[in-house]
1. Please give the number of the condition A:G169 fails out of (1) of a type in the set (G, A, S); (2) out of contact with any Asp or Glu (no Cβ under 9 Å at 6 or more places or on another chain); (3) part of a loop (DSSP other than H, G, I, E, B); (4) in contact (Cβ under 8 Å) with a residue 40 or more places away in the chain.
2. With respect to the numbered conditions (1) modelled with pLDDT under 95; (2) under 23 Å from A:T132 (Cα atoms), which one is the sole condition not fulfilled by A:F190?
3. Need at least 1 residues that are in contact with a Ser or Thr (Cβ under 9 Å, 6 or more places away or on another chain) and more than 15 Å from DNA strand C (Cβ to nearest atom) per element, so show me which strands (runs of 3 or more DSSP E) inside the range A:43-122 make the cut, counting only ones lying wholly within it.
4. Which of the residues belonging to the range A:123-158 are charged (D, E, K, R) and outside any helix (DSSP H, G or I)?
5. Can A:V73 be described as within 16 Å of DNA strand B (Cβ to nearest atom) and touching a His at 6+ places or on another chain (Cβ under 6 Å)?
Amino acid sequence: MNPINESFYQKPTLELAKSFLGMLLVHEAEDGITAGWIVETEAYIGPEDRAAHSFNNRRTKRTEVMFGKAGYVYTYVMHTHCLVNIVSGEVGHPEAVLIRAIEPYIGLEKMYERRGFDKKEQQLTNGPGKLTKAMAITQELYGHPIFQNPLYLVEGNVPKTIESGPRIGIGNSGEAREYPWRFWISENQFISR
DNA sequence: TCGCCGATCGGCT
DNA sequence: GCCGATCGGCGAA
């Protein structure tokens, strides 16, 4: 399992968000390895995107990494959950792709241990906050290069059919609410909704 | 410093 | 479907 090269991330954000589908996300955490196929993503293309944290070129300690090179991890905390993104676009263009759901592949036992043994397999990773907990992805990984240990992507299978639609949970974002920038693998059991 | 708000989740109706 | 938990980031003062 070799990490995908840094050059892979040098493509337009919408294209990148689609190309992630079917690829394997791997985390070699200290307490165990987990991995899963990416089945759902969302693109955030600031500064024009009202739903993006980088809207209006808002540059803060939190959004700083999005202004840098593609292929680095942007994590942030939402309520009590950590959400994971991969920075995209050219330097100075604050864009990123949110990983919304994965299909468990390696380390299922570890995922149950972290999420609770009462969960059904389908509930382990079918949401952006759930998959980070199952894979032990935390704020420590902010700024991590996604083409290196311990968190990286591996080549996978190209999905049969991809669908797209409006993004989830961004109700107060004007026109941006309608942009079909959410992508998922058709009929996959692990998408968030 | 304070107050508001959210790219969520899980439990309850 | 609806709602409350819960907490860091951000802007206002």
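The values are calculated or read from the model by the stated rules, or taken from the named source; none is laboratory data. Because the structure is a prediction, the values reported are computed rather than measured. Neighbour counts are summed over all protein chains in view; Cβ atoms, including those assigned to glycine, are modelled from backbone coordinates with ideal geometry.
1. Just one mismatch for A:G169, condition (4).
2. Just one mismatch for A:F190, condition (1).
3. On the way: elements: A:73-78, A:81-88, A:95-106.
Correct list: A:81-88, A:95-106.
4. A:E155
5. Yes.
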